[in-house]
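This report concerns only the one structure given below.
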Amino acid sequence: MNKLLKIICINLCCCFFIVTGAAAAPQKQEYIRVGLLQGQEMVTISAENDFVIKDIDNNKNYKYDKSKNVTVRQSERKVYIDKKGKETTTLIVAVKNNAPVVVNNKHYRGALIIQPHRAGLTVINRLPLEDYLRGVVAEEMPYSWPKEALKAQAVAARTFALYDKEDKKHAKEGFDVCATTDCQTYGGIASETSATDSAIKATSGQIITYANEPICAVFHAASGGFTENSEDVWSVTVPYLRSVVDSTEQSPYTDWSTQIKIDDLSKTLAHQYTNIGTIKEIDTTNFPQSVKKNSKTKVIKFTGSNKKTLELTGTQLRSLLGLKSNNFSLSLIQDKKKLKDSKKLKISKPDKTVLQINGKGLGHRLGMSQWGAKSLADDGRNYKQILQHYYSDVSIKSIY
């Protein structure tokens, strides 16, 4: 079966059980494919109403009563529905009256696409974008937070999903977005709440655009006082991801600290990057702890005993040491006494010196701070003002 025909069959089957009402012009609806599971040897399928599993390649329909548990299993190139096995590339699961489908005891709206791959079965949830958001927003932001913050989160999440879809990030895997933090956390029906549903409905179809295109609407937990420029995190300049002051933010991540021995840090740098010997100097001249307007990347420069140097961004050091954010300052403690603060930290006794790291915030600190959004909402800002604070020179646009 050619690719175009298969796509047509998938779309028809996903609509197979929908009951139509009086003739009316349908509202434009955006659909999204969510990768729920990958590399599965077996999955259990059920539904809250009668359902059909359609084998696209073999043009075979398997019909089941509601609540019937059906096992789908892969063995080599064959896919077994209960004990019936055939070679196929695509199964579609559609439910009467669009009732929820159940995968391994988790309930989801929309239909399922099941595809065999070398590593095992991939299970994809195809559903309207607005229904997808119902399983996302409360996973990404507490439902008890102010309504305007939840609306900002809904618009950001909708935009981020569309951006990923257009970017074809997971296209080779057969879906648009994954269900984890690599994209956005998606929990299906179990994650839905009335508060987040209300925020989604109030902003239905609204996205954030730059140059009339959906933006990469990244967000994070807490900025710690200011967000970052994209080039200080990704090494790529994105015009709408500019550093902004976040002075009203109140969060549990206002201050955090950790320490590492200089000898241990020297070994870690040698193992993960390059051997510069024992660290003798740490230069933070080009690592300002404030909003930076120019595009020069912020870096920390390490000089070692063998005269070699190494420059790391705050994001690289964060990843290396497992820090909560890339918003931090550095100081030295030698012989259990704090040395004088300086942009160039000289180390004379590395075996008796500890690097003190004092930080603020949580996450990559690009785009919208979720705790900052809450604080702005508490101060009376609406969701559009919140979004336009964190994303520079953008518009809020309705796509349906």
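The values are calculated or read from the model by the stated rules, or taken from the named source; none is laboratory data. Remember, it's a predicted structure, so these values are computed and weren't measured experimentally. Positions of Cβ are backbone-derived with ideal geometry, glycine not excepted, and every protein chain shown enters the neighbour counts. Only protein heavy atoms, including side chains, enter the accessible area calculation; ligands, DNA and RNA are left aside. Shrake-Rupley method; radii C 1.70, N 1.55, O 1.52, S 1.80 Å.
Details
- Sum of -39500 (n - 2.57) over DSSP H runs of 4+, divided by residues of the chain (222 nm, nearest 500): -6500 deg cm²/dmol
- In this simple spin-label approximation, VAL236 and LYS147 carry label points 7 Å from Cα along the Cα→Cβ vector, and these lie 3.8 nm apart.
- Each eigenvalue of the Cα gyration tensor of the range 329-400, multiplied by 5 and square-rooted, gives one semi-axis; in descending order these are 44, 13, 9 Å.
- Helix 262-272 and the long axis of the chain differ in direction by around 40°, with both axes built from C-alpha atoms.
- Accessible-area composition of the range 261-361, carbon plus sulfur, in percent [1.4 Å probe]: 47 percent
- Cα-centre dipole for the range 291-394 with unit charges at Cβ (Lys and Arg positive, Asp and Glu negative), debye to 20: 560 debye
- For the range 69-160, the Cα-based Rg and Dmax, in that order, read 17.0, 52 Å.
- Residue among LEU133, GLY363, VAL123 farthest towards the positive dipole end of the chain, charges placed on Cβ: GLY363
- The range 90-142 and the range 154-230: distance between their alpha carbon centers, rounded to Å: 17 Å
- Gain in span if fully extended, ASP341 to THR89, counting 0.36 nm per residue against the direct Cα distance: 84.4 nm
- Once the Cα gyration tensor of the chain is diagonalised, semi-axes √(5λ) in Å: 47, 26, 17
- Proximity of backbone amide H atoms, modeled 1.01 Å from N, is registered between ASN327 and LYS360 at under 5 Å, excluding neighbours fewer than 5 places apart on the same chain.
- Between GLY367 and GLU228, the built amide H atoms are under 5 Å apart, and every one of these is 5 or more places off in sequence or on another chain.
- Taking θ as phi - 60° and the Karplus parameters 6.51, -1.76 and 1.60, the scalar couplings of the range 100-110 work out to x, 9, 10, 10, 6, 6, 10, 9, 9, 7, x Hz in sequence order, x denoting glycine and proline.
- Residue with peak Gaussian network fluctuation, the chain [Cα springs, cutoff 10 Å], from THR203, THR353, THR297: THR353
- Rounded percent of accessible protein surface that carbon and sulfur make up, the range 26-85, 1.4 Å probe: 37 percent
- Cross-link reach list, aspartates and glutamates versus LYS66, counting only Cα pairs under 18 Å and skipping chain neighbours closer than eight places: GLU48, ASP50, ASP82
- For the range 127-237, with all protein chains in place and a probe radius of 1.4 Å, 50% of the accessible heavy-atom surface sits on carbon or sulfur.
- Degrees separating the helix 3-14 axis from the principal Cα axis of the chain, which is the longest one: 80 degrees
- Computed over the chain with a Gaussian network model linking Cα atoms closer than 10 Å, the most mobile of ALA157, ALA190, ALA221 is ALA190.
- Of all aspartates and glutamates in the structure, those lying under 17 Å Cα to Cα from LYS86, and not within fewer than 8 positions of it along the same chain, are GLU41, ASP55, ASP57, GLU76.
- Leading residue at positive end of dipole, the range 181-324 (Cβ point charges), from ILE279, ILE260, ILE207: ILE279
- Residues in the chain average 48 Å² of solvent-accessible surface per residue, probe 1.4 Å, ligands and nucleic acids excluded.
- Fully extending the segment from ASN69 to GLN334, taken as 0.36 nm per residue of separation minus the present Cα-Cα distance, adds 88.9 nm.
- Springs between Cα atoms under 10 Å define the GNM used for the chain, and in it the highest mean-square fluctuation of SER75, SER329, SER305 occurs at SER305.
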